[in-house]
Amino acid sequence: MTQKIKEYWASLEPRERAVLLYGSIAVAVILFYALIWQPWQKSLSFMEESVGNMRVNSVWMEQRVADMAKGGSTESRKRAVRGAGQSLLSVVEQTANQAGLRSAIQQMVPNQDNGNVRVVLESADFNKWVQWIDNLYKNYGVDISQINAEKEDEKPNLVEIRVTFIRT
């Protein structure tokens, strides 16, 4: 087999040999880059990014542990300040007005037994709703105990939501 290759190589013109030699080198370089170098670099980049994210998470967790050791997080202490003297129903209604969602609220029912408020929204803007619940959680200590959300078929970004809020 090697003898046939040597004979074939010897039968080629010098120009043909050069084209085959340089073409083989180019193919080898391309294959090396595509099959070895590029995947290796992508893996390195991914690992470096993952390590960075893990370090950030580690610092955050250490801060949370320190907060817990002090008797609770600073976030929960901040949340207790706003709306503490108001009923959950009034906090939900006021913040819904501020968020521009009052017109979407079809029903708002307080539960006197456990202090929950059940809210039904129809044709609510999903983005406004997400900002509203974020505000309720971060600033008023209001959390969600139950939720059911369905997208409206005809209109983009509009949803029907049934949610039960509780004070944390």
Output ³J(HN,Hα) for segment 43-52: one whole-Hz value per residue in order, computed from phi by the Karplus curve 6.51 cos²θ - 1.76 cosθ + 1.60 with θ = phi - 60°, and x for Gly and Pro. 5, 4, 4, 4, 5, 4, 5, 5, 4, x
Please calculate the 1.4 Å probe accessible area of residue 109, with all protein chains present, and give it to the nearest 10 Å². 60 Å²
Provide 35, 44 ordered by accessible surface of protein heavy atoms (probe 1.4 Å), highest first. 35, 44
Under the Karplus relation 6.51 cos²θ - 1.76 cosθ + 1.60, θ = phi - 60°, what is the ordered set of whole-Hz ³J(HN,Hα) values for segment 57-64, x standing for Gly and Pro? 4, 5, 4, 4, 5, 4, 5, 5
Given H placed 1.01 Å from N in the peptide plane, which residues other than close sequence neighbours of residue 167 have an amide H under 5 Å from its amide H? 143
Largest-first ordering by accessible area, 1.4 Å probe, given options 46, 126, 32, 165: 46, 32, 126, 165
Per-residue ³J(HN,Hα) for segment 159-168, Karplus 6.51 cos²θ - 1.76 cosθ + 1.60, θ = phi - 60°, Hz, x for Gly and Pro: 9, 10, 10, 10, 9, 10, 9, 9, 8, 8
Could you please state, rounded to a whole Å, how far the C-alpha centre of segment 98-116 is from the C-alpha centre of segment 132-158? 12 Å
How much accessible surface does residue 123 have with a 1.4 Å probe, in Å² rounded to 10? 60 Å²
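The values are calculated or read from the model by the stated rules, or taken from the named source; none is laboratory data. Since the model is a prediction, treat every value here as computed from it, not as a measurement. SASA here: full protein model, heavy atoms, side chains in, ligands and nucleic acids out. Shrake-Rupley method; radii C 1.70, N 1.55, O 1.52, S 1.80 Å.
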